[in-house]
Amino acid sequence: MSKDVWVIIEHQDGAPKKISLELLGRARELAETLGGTVVAFVPGAGVSNVAESLGSRGADIVYAADHALLQPYTADAYAQAVSQALQAEQPTLVLVGSTAQGRDYAPRVAARLGAGIVTDCASLEVADGHLVATRPMYTRKTIGTVVFSSGGIRIAVVLPAVYSVPPAEAGRRAEIRAFQVALDSKGVRTQVREVRAIQRETVPLTEADVIVSGGRGLKGPENFALLDALAKALGAAVGSSRPPVDSGWVSHDYEIGQTGKTVSPQVYLACGISGAPQHLAGMSGAKYIVAINKDSNAPIFQLADLGIVGDLFEIVPKLTEAIRQAKGRA
Amino acid sequence: MNIVVCVKQVPDTEAPIRIRPDGSGIDESGLNLVMNYYDEHATEAGLRLKEQFGGSVTLIGVGPERTKEALRTGLAMGADEAILVSDVALLGSDHLGTARVLAAAIKTLPHDLIICGKLSTDDNAAIVGPALAELLGLPQATAIAQLEVDTSGGTVVVHREVEGGVEVLEVPLPALLTVERSLNEPRYPSLPGIMKAKRKEIKTMSLADLGVEVPSVGATAAKSALTRLVPPPKRQAGRMIEEDAEKAVAEIVAFLKNEAKVL
């Protein structure tokens with residue numbers, strides 16, 4: 001068993017995803033407490049560019065696990081590759097992003113290795129020699145503290161945007177090693193027929209620092225264009241509460257809440273959202289909440305840092321214009 | 001097609017959650033417990049496949065005796081059988097412990113497809129489904145939003161929502177799927193269905209019946225433990241402004257710049 005802290009790197013188009021950098025930053029801090037090194041594990045095909053970029057973000061060692069069967073992503077191939085590496089190197093702690101990929105393969109790895117696993121970690125600390133995570137539970141009506149048992153490999157699946165991306169240290173380099181994965185095509189049973197990109201001009205929800213979100217108050221699908229324009233001006237992502245999804249105005253991948261995504265951006269701008277508990281379950285972890293609503297009694301105002309009682313159809317376009325101007329000056 | 005649906009009983013998400021005074025867990029007294037929301041979607045998926053291709057839908061739950069109420073909800077929706085694995089030695093199990101018990105039970109049943117909810121709304125872990133697939137040696141697709149069966153090829157084609165896109169996967173049977181709410185609209189149990197479900201016997205099995213060794217499950221095998229539950233930090237309502245649009249816009253811009261520092 002080593003004292004090393006591993007991060008399994010998620011990447012796209014030759015670059016690590018933001019969540020992976022967030023985890024490297026946290027791994028750096030935890031490794032200093034635990035007295036180990038930070039190891040980045042990069043599964044994929046043709047991953048040398050990704051591997052090269054990780055030293056500047058805090059990795060001491062980078063394992064490039066290059067194999068044709070690791071592209072595109074499948075749970076089968078990733079679970080085998082990651083399990084083989086963890087079995088061989090026995091790190092004390094492994095950080096995985098809570099993403100569609102991470103949530104898919106990490107439990108398989110834990111089951112295969114008999115490792116401890118805690119998902120949806122909103123914090124991860126070493127306290128009195130124990131590894132302790134907190135996580136939202138019961139649809140965010142409570143926060144649970146979970147303690148990992150000592151000994152063995154421990155896998156923490158960490159929520160996006162709870163740790164900040166460490167600044168790149170130019171000139172800091174990691175030792176890059178190749179990791180030979182033993183994989184054959186029989187072991188990859190799932191076939192990826194296609195990965196359809198949803199073309200949006202706005203940022204993905206789980207990576208956004210700012211989220212502009214719309215509710216029933218938007219009145220119709222066409223009015224989401226107002227939010228798109230505002231989000232573009234802000235460099236933000238667009239989300240929704242449940243009613244617009246149930247009414248078919250936007251697709252389910254917009255939905256934030258108990259039956260949708262959990263987000264924790266720097267700023268959440270709620271437009272025409274009343275603030276039902278089911279919605280709060282997905283967004284009350286935002287650092288700042290700004291709400292625009294016609295109804296001064298809307299529950300969202302009870303947790304908004306800035307509450308605007310007014311007509312979003314009048315305010316949002318003016319806000320978009322004001323932000324364009326503010327950014328233009330900057 | 002023989003389908004097994006995993007069912008968990010959880011607090012009604014509409015109900016307020018009371019934490020025990022010592023913070024060790026939730027106070028269940030008077031709490032309305034129901035079938036996990038996503039398991040309703042899983043049961044619905046199973047029933048639709050049965051209606052299309054024949055076969056059977058068997059529900060399986062792990063938990064105390066009261067879990068039978070959640071299983072009866074699924075029976076009332078139209079499932080054929082339900083099995084409860086219940087044993088005091090399971091107290092304190094982690095998710096892998098639960099997955100081991102489910103795997104042992106499912107190995108005794110014919111299964112072409114195992115369907116789970118994408119997560120349970122109590123602990124939100126999303127671990128049991130993929131862990132169960134691994135323990136049974138089955139391929140998986142998680143959080144699927146669309147499902148089609150190609151019976152000639154013995155595969156299912158599923159759509160899975162990922163960040164910024166949709167994965168279209170072909171998964172050979174037998175397989176395990178976990179389902180998203182957008183997959184379907186669960187049916188309401190019919191009155192005759194409810195009456196039938198009341199009379200149906202739910203088979204209860206112990207760890208000994210399944211041949212599961214106690215040290216592989218329960219609190220001693222658990223690799224993590226919940227030690228404390230607290231309410232989420234209270235958010236304070238901030239400033240409320242009821243002014244004309246120009247003033248409101250100026251306030252928002254100032255807030256984004258000076259407080260949130262995103263401009």
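The values are calculated or read from the model by the stated rules, or taken from the named source; none is laboratory data. Just so we're clear, the structure is a prediction, and the values are computed from it rather than from any experiment. Methodologically, a virtual Cβ is constructed for each residue, glycine included, from the backbone with ideal geometry; neighbour enumeration extends over all protein chains shown. Heavy atoms of the whole protein, side chains included, go into the accessibility calculation; ligands, DNA and RNA do not. Shrake-Rupley method; radii C 1.70, N 1.55, O 1.52, S 1.80 Å.
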Inset, instruction - Between B:LYS257 and A:LYS287, with labels modelled 7 Å along Cα→Cβ, what's the label distance in nm to one decimal, could you check? - result: 1.9
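What's the longest piece of chain B with no exposed trypsin sites (Lys or Arg not before Pro), counting a site as exposed if DSSP puts it in a loop and it has at most 13 other beta carbons within 10 Å?
B:67-233
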Legend entry - Size of electric dipole in region A:234-330: Cβ of Lys, Arg +1 and of Asp, Glu -1, about Cα centre, debye, nearest 20: 340
Inset, instruction - Quick one: among B:PRO16, B:PRO232, B:PRO110, which has the greatest mean-square fluctuation in a GNM of chain B with alpha-carbon springs under 10 angstrom? - result: B:PRO232
Inset, instruction - Report the residues of region A:22-61 in range of a label on A:ALA88: point 7 Å along Cα→C-beta, backbone N strictly under 14 Å from it. - result: A:40-44
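Pulled fully out, how much extra length does the chain show between A:GLN180 and A:ASN49, if you take 0.36 nm times their separation in residues and subtract their Cα-Cα distance? Intermediate values should be presented prior to the final figure.
Numbers: separation 131, 0.36 × 131 = 47.16 nm, distance 1.77 nm.
Gain on extension, A:GLN180 to A:ASN49, equals 45.4 nm.
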Inset, instruction - Would you mind getting me the FRET efficiency between B:SER56 and A:SER164? Use the beta-carbon distance for r and R0 = 41 Å, nearest 0.05. - result: 0.20
Inset, instruction - Taking the dipole about the Cα centre of region B:126-263, with the C-beta of Lys and Arg at +1 and of Asp and Glu at -1, give me whichever of B:ALA245, B:LEU136, B:VAL230 is farthest to the positive side. - result: B:VAL230
Legend entry - Over 22 Å [Cα-Cα, region B:148-263], rounded percent: 76
Inset, instruction - Quick one: accessible surface of B:THR13, probe radius 1.4 Å, all protein chains present, in square angstrom to the nearest 10. - result: 30
Legend entry - Residue-averaged 222 nm ellipticity for the protein assembly as shown, from DSSP H runs of 4+ at -39500 (n - 2.57), nearest 500: -8500 deg cm²/dmol
Legend entry - Heavy-atom surface of chain B, accessible at 1.4 Å and reported per residue (Å²): 43
Inset, instruction - Name the residues of region A:72-107, by number, that are at least 20 Å² less accessible with every protein chain in place than in the isolated chain; the surface is that of heavy atoms, probe 1.4 Å, without ligands or nucleic acids. - result: A:TYR73, A:ALA100, A:ARG103, A:ASP104, A:PRO107
Inset, instruction - Using a Förster distance of 45 angstrom, determine the FRET efficiency expected from the C-beta separation of B:LYS234 and B:SER152, and round it to 0.05. - result: 0.20
Inset, instruction - Measure out, as a whole number of angstrom, how far apart the alpha-carbon centroids of region A:55-82 and region A:187-248 sit. - result: 28
Legend entry - For region A:1-53 and region B:160-228, distance of Cα centres in Å: 33
Legend entry - Förster-model FRET efficiency, 45 Å R0, A:ASP311 and B:GLU65, C-beta, rounded to 0.05: 0.25
Inset, instruction - Determine which aspartates and glutamates satisfy two conditions relative to A:LYS141: a Cα distance under 20 Å, and not lying fewer than 8 residues away in the same chain. - result: A:ASP120, A:GLU255, A:ASP305, B:ASP12, B:GLU14, B:ASP22, B:ASP27, B:GLU28, B:ASP122, B:ASP123
Inset, instruction - Can you work out the accessible area per residue across region A:205-329, with the rest of the protein chains kept in place, probe 1.4 Å, in square angstrom? - result: 34
Inset, instruction - Tally up the carbon and sulfur contribution to the accessible surface of the protein assembly as shown as a whole percent, 1.4 Å probe, everything protein left in place. - result: 50
Legend entry - Within region B:136-169: backbone nitrogen closer than 13 Å to the A:VAL195 label point (7 Å, Cα to C-beta): B:160-169
Legend entry - region A:5-187: relative contact order as a whole-number percent, Cα under 8 Å and 6+ apart: 28
Legend entry - Residue-by-residue Karplus 3J(HN,Hα) for region B:146-151, coefficients 6.51, -1.76, 1.60, Hz, glycine and proline x: 8, 8, 10, 10, 10, 5
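Across peptide A:247-253, how many C-beta atoms of other chains are within 10 Å of each residue C-beta, on average? Walk me through the intermediate numbers first.
Working: counts 0, 0, 0, 0, 4, 6, 9.
That works out to 3 on average.
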Legend entry - 4 °C / 1.567 mPa s Stokes-Einstein diffusion coefficient of region A:5-187, Kirkwood radius on C-alpha pairs, µm²/s: 80
Inset, instruction - Place a +1 charge on the Cβ of each Lys and Arg in region A:5-187 and a -1 charge on the Cβ of each Asp and Glu, then give the dipole magnitude about the Cα centre in debye, rounded to the nearest 20. - result: 400
Inset, instruction - Taking only Cα atoms and a 10 Å spring cutoff, compute GNM fluctuations for chain B and point out the largest among B:MET205, B:MET240, B:MET77. - result: B:MET240
Legend entry - Rounded to 10°, Cα long-axis angle of helix A:102-113 versus longest principal axis of chain A: 30
Legend entry - Stretch in chain B that is longest and holds no GluC sites (Glu not before Pro) that DSSP places in a loop and that have at most 15 other beta carbons within 10 Å: B:66-200
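Classify region A:205-329: rounded, prolate or oblate, from the alpha-carbon gyration tensor (a ≥ b ≥ c, eigenvalue square roots; a/c under 1.5 rounded; otherwise prolate if a/b is larger than b/c)?
Taking the square roots of the gyration eigenvalues as a ≥ b ≥ c, region A:205-329 is rounded.
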Legend entry - Diffusion coefficient, µm² s⁻¹, Stokes-Einstein with Kirkwood Rh over alpha-carbon pairs of region B:2-221 at 10 °C and 1.306 mPa s: 90
Legend entry - Residues of region A:15-116: accessible area per residue with a 1.4 Å probe, Å²: 26
Legend entry - Greater than 19 Å apart at Cα, pairs in A:LYS219/A:LYS287; A:LYS186/B:LYS118; A:LYS327/B:LYS257: A:LYS219/A:LYS287; A:LYS186/B:LYS118
Legend entry - Straight-distance crosslink candidates among aspartates and glutamates, where the alpha carbon sits under 14 Å from B:LYS223 and sequence neighbours closer than 8 are dropped: B:ASP94
Legend entry - Anisotropy class of the protein assembly as shown from Cα gyration tensor, a/c 1.5 cut: oblate
Inset, instruction - Find the sum over both chains of the accessible area lost when A and B are paired, probe 1.4 Å, and report it in Å² to the nearest 100. - result: 7100
